[in-house]
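The values are calculated or read from the model by the stated rules, or taken from the named source; none is laboratory data. Note that this is a predicted model, so its numbers are computed, not measured. Here Cβ is always computed from backbone atoms with ideal geometry, including for glycine, and neighbour counts include all displayed protein chains.
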Amino acid sequence: MAQRRVKQTPAALGYRLPAEWEPHEATWIGWPHNRSDWPGKFAPIPWVYAEIVRRIAPGETVRILVNSKAHEEEARRILRRVGVELSRLEFFRIPTNRGWTRDFGPIFVKRDADHPLAPPYQGGERDPSRTATHKEAEPEVAIVDFAFNGWAKYPNWQKDNKVPALAARALGCRRFVAQAPVPVLDGTSQRPRAQARVPVPLVLEGGAIDGNGCGTLLSTEECLLDQEVQARNPGFTRRETEEALREYLGVKKVLWLGKGIAGDDTHGHVDDLCRFVDSRTVVLCQESNPSDANYRPLEENRERLQGMRLEDGSRLQVAPLPMPAPVFFDGQRLPASYANFYISNAAVLVPTFNDSNDRIALGTLAELFRDRAVIGIHAVDLVWGLGTLHCLTREQPVVRKAESRN
């Protein structure tokens, strides 16, 4: 009997999306240069980036995207002045449109050497001829190259969209191009033609998802399922979106929240409102003022989470995280949120806003992350760019080699 062809998706080959708190080989950032992201307020931004790098570098390599030799020299000068050990840095001359590396940068998946790899066939059967001695079972990190289209809002994204491919080439690692078949529409009726489908790039930003490393993923309906405003993948259903996340990120279950926070120009990124802090626990932003625009959406998300379960059927634990008072600049509300923290090897970096709740947020996260320091980073200037710490960082995981059995 003829054997079925093995799917070559990351999940079928044993890869998964690791949790952010798992050990990193490196953190990627894109050195800032687009002054239009911080109109009239760009001057302090490189120094905020430098402080972030200074806090990350003691625990891991920091890989910095720069546009040119001059851009690299500028970054080195500032980083040297704040006391960063330059031997902890690696520079990649990969041009970008912006510095929000979380959303356009490489999404890394990993497969450890002791993963009991036997690639599943399309029916779920496993091939008994495949063992952990095969090349596929070697420890490996790969990049999933999702398309980026400027959050389906801004026109300047073409350089950003090329970053995952260029990063994979620079690292010499495997790259999976995320695609999905969509129906071909009849030119006259605009109805799907029977059985006619064509593969198209899948759009996904890193800030739209958050995972526990075990197969459960958080996202929002507003960001990934809305077909009217900033639609990332027009025509994709909930089922098709979940299937793509399963195939490319090794996801077993998606927990869908509703809406994001006020001021968020991404239309609902989950990393501004709800984040995993361990495999069974999330923090969820909570607004105490009933008249605030965030009060009702966050309460609705809390109600949703109460009935949700993880990939293994266990109940999700939810810890409240306060919101800062609303932050405005030039009459525009900004997406200030403590949930936009970044978990590095050396420390958890948390945006702060000169607010009375800064101390409460730092204390809450310190109780949840007892294995590393929790450090506040002043983000009042940074958030004028409509993002903070998590938005500008992207982790690259370490792969764990198999233990010797001798």
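Odds and ends about this structure:
- Considered as a group, the residues in the range 159-183 that are among the β-branched types (Val, Ile, Thr) and surrounded by fewer than 19 Cβ atoms within 10 Å (Cβ to Cβ) include one that is nearest to Lys110 (Cα to Cα), and that residue is Val177.
- Residue match in the range 359-366 (condition: closer than 22 Å to Pro32 by Cβ and in contact with a Gly (Cβ under 9 Å, 6 or more places away or on another chain)): no
- Residue pairs whose Cβ atoms lie under 7 Å apart, sitting 6 or more positions apart in sequence or on different chains, and linking a residue in the range 278-290 that is more than 13 Å from Pro322 (Cα to Cα) to a partner that is surrounded by 14 or more Cβ atoms within 10 Å (Cβ to Cβ) and among the β-branched types (Val, Ile, Thr), are Val282/Val318.
- Residue ID - surrounded by the fewest Cβ atoms within 10 Å (Cβ to Cβ), chosen from residues in the range 50-71 that are part of a helix (DSSP H, G or I) and in contact (Cβ under 8 Å) with a residue 40 or more places away in the chain: Glu51
- Which numbered condition Ser314 fails, given (1) small (Gly, Ala, Ser); (2) over 19 Å from Ile209 (Cα atoms); (3) touching a residue at least 60 places away in the same chain (Cβ under 8 Å): (3)
- For the range 72-85, the set of residues classified as among the small types (Gly, Ala, Ser) and exposed (fewer than 12 other Cβ atoms within 10 Å of the Cβ) consists of Gly83 only.
- Test set (1) in contact with a Leu (Cβ under 9 Å, 6 or more places away or on another chain); (2) surrounded by fewer than 18 Cβ atoms within 10 Å (Cβ to Cβ); (3) under 23 Å from Glu395 (Cα atoms); (4) not β-branched (Val, Ile, Thr) - Phe341 fails condition number: (2)
- Any hit, the range 29-49, residues being acidic (Asp, Glu) and under 27 Å from Phe276 (Cα atoms): no
- All of Asp312, Asp292 fail the test of being out of contact with any Gly (no Cβ under 7 Å at 6 or more places or on another chain) and either among the β-branched types (Val, Ile, Thr) or farther than 26 Å from Ala366 by Cβ (or both), apart from Asp312.
- Single residue of the range 333-348 satisfying the filter (touching a Gly at 6+ places or on another chain (Cβ under 8 Å) and outside any loop (DSSP other than H, G, I, E, B)) that is nearest to Asp103 (Cα to Cα): Leu334
- When Glu74 is tested against (1) among the charged types (D, E, K, R); (2) outside any loop (DSSP other than H, G, I, E, B); (3) under 29 Å from Arg372 (Cα atoms), only condition (3) is not met.
- Residue that is surrounded by the most Cβ atoms within 10 Å (Cβ to Cβ) [pool: residues in the range 12-49 that are touching a helix residue (DSSP H, G or I) at 6+ places or on another chain (Cβ under 9 Å), farther than 14 Å from Gln396 by Cα and among the hydrophobic types (A, V, I, L, M, F, W, C)]: Trp31
- The range 329-348 residues that are more than 14 Å from Thr388 (Cα to Cα), paired with ones that are of a type in the set (Asp, Glu) (beta carbon under 7 Å, 6 or more apart): Ser344/Glu60; Asn345/Glu60
- Selection within the range 20-49 - β-branched (Val, Ile, Thr) and touching a Leu at 6+ places or on another chain (Cβ under 8 Å): Ile29, Ile45, Val48
- Filter result for Asp264 (over 17 Å from Asn357 (Cβ atoms), of a type outside the set (Lys, Arg), out of contact with any strand residue (DSSP E or B) (no Cβ under 7 Å at 6 or more places or on another chain) and buried (at least 22 other Cβ atoms within 10 Å of the Cβ)): yes
- Hits in the range 210-235 - residues which are crowded, with 21+ Cβ neighbours inside 10 Å and not charged (D, E, K, R): Gly211, Asn212, Thr216, Leu217, Leu218, Ser219, Thr220, Cys223, Leu224, Asn233
- Total residues in the range 86-107, condition within 14 Å of Ala147 (Cα to Cα) and not small (Gly, Ala, Ser): 6
Here is a yes/no grid of residues against (1) over 27 Å from Cys223 (Cα atoms); (2) part of a loop (DSSP other than H, G, I, E, B); (3) at pLDDT below 95; (4) of a type in the set (Val, Ile, Thr):
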site: Thr131; (1), (2), (3), (4): yes, yes, yes, yes
site: Glu136; (1), (2), (3), (4): yes, no, yes, no
site: Ile143; (1), (2), (3), (4): no, no, no, yes
site: Trp151; (1), (2), (3), (4): no, no, no, no
site: Tyr154; (1), (2), (3), (4): no, yes, no, no
site: Lys159; (1), (2), (3), (4): no, no, no, no
site: Ala167; (1), (2), (3), (4): no, no, no, no
site: Ala170; (1), (2), (3), (4): yes, no, no, no
site: Arg175; (1), (2), (3), (4): no, no, no, no
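- Gly250 fulfils the conditions (1) surrounded by fewer than 24 Cβ atoms within 10 Å (Cβ to Cβ); (2) over 20 Å from Thr101 (Cα atoms) except for a single criterion, (1).
- Test: residue in the range 368-380 that is more than 25 Å from Ala26 (Cα to Cα) and either touching an Asp or Glu at 6+ places or on another chain (Cβ under 6 Å) or not β-branched (Val, Ile, Thr) (or both): no
- Taking (1) outside any helix (DSSP H, G or I); (2) more than 28 Å from Pro18 (Cα to Cα); (3) touching a strand residue (DSSP E or B) at 6+ places or on another chain (Cβ under 8 Å) in turn, Phe91 satisfies each apart from (2).
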